[in-house]
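Asks: Below: one structure in structure tokens.
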Amino acid sequence: MNELKMNGPEESTALKKVPSKSLLLAVCAAGIGGTFQYGYNISIINAPTKAVQNFINQTWTERYNTEISTQVLTLLWSTIVSIFTLGGLVGASVGGTLAIRFGRKGTLLFNNTFALLAALFMGLSYPSGTFELLIIGRFLTGVNAGIGICVQALYIGEIAPRALRGAMAMGTSIFITGGILTGQVIGLNELLGKEEYWPILLSTICIPAIIQLLTLPWFPESPRYLLIDRGDDVACKKALMWFHGPDKYHGEKEDIERERVSAIGIKPKKPWELFTDTSLRWQLLTLFIIHTSQQLNGINAIYFYADYVFTQAGIPADKIPYATVGTGACECITALTCGLLIESLGRRALIIGGYSLMSVCCICFTIALTFQESSPWVPYLSMICVFAFILSFGLGPGGVTNILTTELFTQTDRPAAYMIGGSINWIAFFFIGMIFPFIVNGLKQYCFLVFLVICCLVATYIFFVVPETKNKTFLEIQREFRSRKKLIAANGTEGPLLSTPM
């Protein structure tokens, strides 16, 4: 009898750590038209580079009876690629506002309009002989990605139970890496990577949008949004029962109710209002650091050097795209692994460990690239460093950053926080795209020493400042940051948040 009594709570706890089928399907429906589009649009633009440039040259010649200059061609191609980040910045800037006005689910559904229009414009660019449509299409895909990253994370973070919030929120990273991998595979010559197929390849972004339009309407709106923002207790209860079952939703309802009481009389804040709220100073500083470093930690440099490393390792040029697919698969598998580990190890262990391992990889990769031709085994060490860096990124910052953005803020602050974090991320993305060629040309392989410093600084900051958020309510996390502020005010010094174990 005693053994049965002991096993009962353990079995109940185990069941709480297994998401319901409804929750998993909701994450998939939100992710396929959300962050999957972001990853997919990043990767598919690489395959048709030469084909699109030939199309621009041909169109220019037909219009002006002269060949386009190399400088103008480079400018137009760079615009087609980089305007995606400008669209992403616009999308991130309006995503939170749309999520407040139309709801999380409503905004995700509306967001597919941009993807469908982008697919139409890019698909018509070739038959109409108008390369300007590619620029418009890429801008709209950026808007779609910017809104999707912001609102999908909001939706998943708010429908997930507290005990599974980290694992469920990993859906954001899993779908990003899944989109990158899918784009790499679709862009192979055996599929849509041939020159004549590039308009079809760029138009395939309509497929995830259509899938989401067909599936997401069957799922409820975020229960937190329904109760706290809309004040609809009946709809909130129905949504919770749908996601968690009629016997398991009461604990989540109590958490949401406590947060609703604390938010009475407080309207959802605008981004600029967060900056004037001194109680959110540490959360905002953390938001700035983790989102900036996600782009400036060297992952872009790793992908830049990957082809060179594969070539030096003896991989034939026509087989390098398959090796690149391997890096995408590596990142995707790592995101899945992070989703399995995050509730047992916690956020701090993964993100600090990720940045620490990336620091080690930066040192090893710098040494390997410096002595690349000194021994036949060194190129293989470089290959190991490439995959090790990608694994470390996926386990740490790649997976945990968006989860922390959800957990560091309460309901009234969260949409504005996602707008700020998303904007920072897209600006840093654009910034690294602009300066990265100069860093590489100036420092060569020693550019990884710059990324080494960034990774070390971020790991140190998180160790001393950011508390563990695993299995805590949003209000409990907020109280931890406020207790830090009171401690600083009382002592006149700043100390680490050591009240929570790693």
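The values are calculated or read from the model by the stated rules, or taken from the named source; none is laboratory data. In this text, all values refer to a predicted model and were calculated from it rather than measured experimentally. Methodologically, a virtual Cβ is constructed for each residue, glycine included, from the backbone with ideal geometry; neighbour enumeration extends over all protein chains shown. Only protein heavy atoms, including side chains, enter the accessible area calculation; ligands, DNA and RNA are left aside. Shrake-Rupley method; radii C 1.70, N 1.55, O 1.52, S 1.80 Å.
Asks: Scaled to the compact-protein estimate 2.2 N^0.38 Å, what is the alpha-carbon radius of gyration of the chain, rounded to two decimal places?
Replies: Its radius of gyration relative to the 2.2 N^0.38 Å reference: 1.01.
Asks: Just the accessible area for TRP77, please: 1.4 Å probe, Å², rounded to the nearest 10?
Replies: 30 Å²
Asks: Per 0.36 nm of contour for each residue apart, how much would the distance between ILE435 and THR460 grow if the chain were fully extended, relative to their Cα-Cα spacing?
Replies: 6.5 nm
Asks: Could you tell me how many degrees, from 0 to 90 and to the nearest 10, lie between the Cα long axis of helix 281-296 and the main elongation axis, the longest principal axis, of the Cα atoms of the chain?
Replies: It works out to around 30 degrees.
Asks: In Å, what Kirkwood hydrodynamic radius results for the range 268-476 from the alpha-carbon pair distances?
Replies: Taking every pair of different Cα atoms in the range 268-476, averaging 1/r and inverting gives 18.1 Å.
Asks: Where does each of 134-142, 247-255 land if you order them by average Cβ count within 10 Å, highest first?
Replies: 134-142, 247-255
Asks: Rounding to the nearest 10 and keeping the result within 0 to 90°, find how far the Cα-based axis of helix 49-64 lies from the longest principal axis of the chain.
Replies: That helix lies at roughly 60 degrees to the long axis.
Asks: On average, how much accessible surface per residue is there in the range 265-385, in Å², for a 1.4 Å probe, leaving out ligands, DNA and RNA?
Replies: Counting only protein heavy atoms, the per-residue value for the range 265-385 is 45 Å².
Asks: From the protein chains alone at 1.4 Å, what is the descending order of accessible area for LEU226, LEU89, largest first?
Replies: LEU89, LEU226
Asks: Explain nothing, just the number: relative contact order of the range 19-219, from Cα pairs under 8 Å at least 6 residues apart, as a whole percent.
Replies: 41 percent
Asks: Please list, in order along the range 157-170, the HN-Hα scalar couplings obtained from phi with the Karplus expression 6.51 cos²θ - 1.76 cosθ + 1.60 (θ = phi - 60°), rounded to whole Hz, x for Gly and Pro.
Replies: 3J(HN,Hα) across the range 157-170, in whole Hz: x, 8, 8, 6, x, 4, 5, 10, 4, x, 5, 5, 5, 5.
Asks: If you don't mind, there's one more thing I want to ask. Going from most exposed to least, what order do LEU24, LEU201 have by accessible area with a 1.4 Å probe?
Replies: LEU24, LEU201
Asks: If you don't mind, there's one more thing I want to ask. Over what distance in Å are the Cα centres of the range 21-95 and the range 188-262 separated?
Replies: If we compute the Cα centre of each part, the gap is 25 Å.
Asks: In debye to the nearest 20, how big a dipole does the chain give about its Cα centre with +1 on each Lys and Arg Cβ and -1 on each Asp and Glu Cβ?
Replies: Dipole of the chain, to the nearest 20 debye: 1140 debye.
Asks: 7 Å from Cα along Cα→Cβ at both ARG479 and ILE367: what's the point-to-point distance in nm?
Replies: That separation, rounded to one decimal, is 4.8 nm.
Asks: At a 1.4 Å probe, what is the % contribution of carbon and sulfur to the accessible area of the chain?
Replies: The value for the chain is 68 percent carbon and sulfur by accessible area.
Asks: Let's see if you can work this out: charge +1 on each Lys and Arg Cβ, -1 on each Asp and Glu Cβ, no other charges. What is the dipole magnitude of the range 19-219 about its Cα centre, in debye to the nearest 20?
Replies: I would put it at about 780 debye.
Asks: Any idea what angle helix 250-262 forms with the longest principal axis of the chain, computed on alpha-carbon atoms, 0 to 90 degrees, nearest 10?
Replies: 90 degrees
Asks: How much length would be gained if the chain were fully extended between ILE266 and ASN54, taking 0.36 nm per residue of separation minus their Cα-Cα distance, in nm to one decimal?
Replies: Fully extending the segment from ILE266 to ASN54 adds 70.7 nm.
Asks: Give me the accessible area per residue for the range 19-219, probe 1.4 Å, as a whole number in Å².
Replies: Solvent-accessible surface per residue comes out at 38 Å².
Asks: Mind jotting down the distance between the C-alpha centroids of the range 346-382 and the range 420-452, whole Å?
Replies: 18 Å
Asks: Another one. Let me know the charge dipole size of the range 268-476 about its Cα centre in debye, to the nearest 20, where only the beta-carbon of Lys, Arg (+1) and Asp, Glu (-1) is charged.
Replies: 220 debye
Asks: Along the Cα→Cβ direction, 7 angstrom out, place labels at GLU67 and ARG258. What is the inter-label distance in nm?
Replies: Between GLU67 and ARG258, the simple spin-label model gives 7.1 nm.
Asks: With a 1.4 Å probe and all protein chains left in place, how much accessible area per residue does the range 397-474 have, in Å²?
Replies: 33 Å²
Asks: In sequence order, what are the phi-derived ³J(HN,Hα) couplings for the range 187-201 according to the Karplus relation 6.51 cos²θ - 1.76 cosθ + 1.60 with θ = phi - 60°, rounded to whole Hz, with x for glycine and proline?
Replies: So the J values, rounded to whole Hz, are x, 5, 4, 5, 10, 10, x, 5, 4, 6, 9, 4, x, 5, 4.
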